[in-house]
Amino acid sequence: MTTPDSGDVLATALRDWRPPTVGTVRRVDPWQSAAFAALLDAPAPVDELPPLWHWFHLLGHPAQAEIGEDGHPAAGPFLPPIPGRRRMIAGGRFEQWAPIPHGGELSTRSAVADVTVKTGRTGEMAFVTVRHELAVDGRPVAVEEQDVVYRSEPAGTPPRTMTRPAGGEPEPAGEWRRSLATDPVLLARFSGLTYNGHRIHYDRPYVTGVEGYPDLVVHGPLLALLALELPRMYAPDRTVTRFSYRLTRPAFVPAVMVSAGTAADDELTVAVAARGAAPSLTASVQLAARLHSDGRDDRG
């Protein structure tokens, strides 16, 4: 982990932070897959998890007394000790080399891989990368890294304000396309499926008055999953072996989120944007012949 040797607020807060390694074990129940597919009005996967759908299975469940003012736990193994902590997903990477079947015992070994403090035009930001090593029935199957950005905004800090995009931007280009209309009900359902209490997704007075956004914020992980719906829809005989994504700007309800991209050989470049706005997520996807749990692939 790296932080600059300075008196900056975030660097000082993080200098002695030593987060632990955490293990989690869950049985992969098909109910969660069916529930998320229903939210998308899409067919449910039959035998195994699509990429990143393990998010619905490896959930913590903090006690209500542990929840902080923003709806997240006030403390946790990977939550940095930053005063007035504000949190947003910045992006991530995922690599998978074997399926995660329904009914399997999914385990993960998670740890903070890197901490970096940066200063930009909007002030100090701490980027925390958490690495998850996934295994099924003791056999390694995938690794994920998620980048989370934190700011320090203690009580009394004037809220940063962000306006809704003016509109008029062209939709993302691509032959493969998928859209999803978002509203407060859809955001509430996704928050429930991911056990996410962050108030920016359901509490309009909080998100506008405290965090300075113009309306409820569409979940970053939902945008990543919407990008991954393209290979699931258009290339069912292929499997995702690598996925890298970057969240570039928030999206706000009500909005129709458009995911679009074009595959060239085994690579797919995707952008996800609110209709009329610039992309909120950009991603790259690496595809390969589908590998089944018995070692066969779809080439024969």
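Put +1 on the Cβ of every Lys and Arg and -1 on every Asp and Glu Cβ in the chain; which of 260, 20, 206 then has its Cα farthest towards the positive end of the dipole? It is 206.
Taking the centroid of alpha carbons for each part, region 173-218 and region 253-280 are 17 Å apart.
Taking other residues whose beta carbon is less than 14 angstrom from the beta carbon of residue 34, and scoring Lys, Arg as +1 and Asp, Glu as -1, yields -3. Shape analysis of the chain based on the Cα gyration tensor places the equivalent ellipsoid semi-axes at 31, 24, 18 Å, largest first.
Quick check: from the Cα gyration tensor, does region 47-101 come out rounded (a/c under 1.5), prolate or oblate? Prolate, because a/c is 1.5 or more and a/b exceeds b/c. Helices that extend 15 Å or more along their long axis by alpha-carbon positions and average at least 0.0 on the Kyte-Doolittle scale are, among the DSSP H runs of the chain, 220-234. Note: relative contact order over region 9-289, using C-alpha pairs below 8 Å and six or more positions apart, is 19 percent.
The charge dipole of region 9-289, taken about its Cα centre with unit charges on the Cβ of Lys, Arg, Asp and Glu (plus for the first two, minus for the last two), comes to roughly 680 debye. By the compact-protein rule of thumb, 2.2 N^0.38 Å, the alpha-carbon radius of gyration of region 110-261 corresponds to a ratio of 1.19. Computed extension gain for residue 267 through residue 17, at 0.36 nm per residue and net of the alpha carbon distance, reaches 86.1 nm. Here the spin labels are modelled as points 7 Å beyond Cα on the Cα-Cβ line, and at residue 44 and residue 160 they lie 4.0 nm apart. Positive-end ranking of 127, 102, 146 along the dipole of region 68-164, with charges on Cβ about the Cα centre, is headed by 127.
Since every read-out is calculated from the coordinates, none of them should be taken as a lab result. Worth saying up front: this structure is predicted, and the values here are computed from it rather than measured. Glycine gets a Cβ as well: all are built from the backbone with ideal geometry, and neighbour counts include every protein chain shown.
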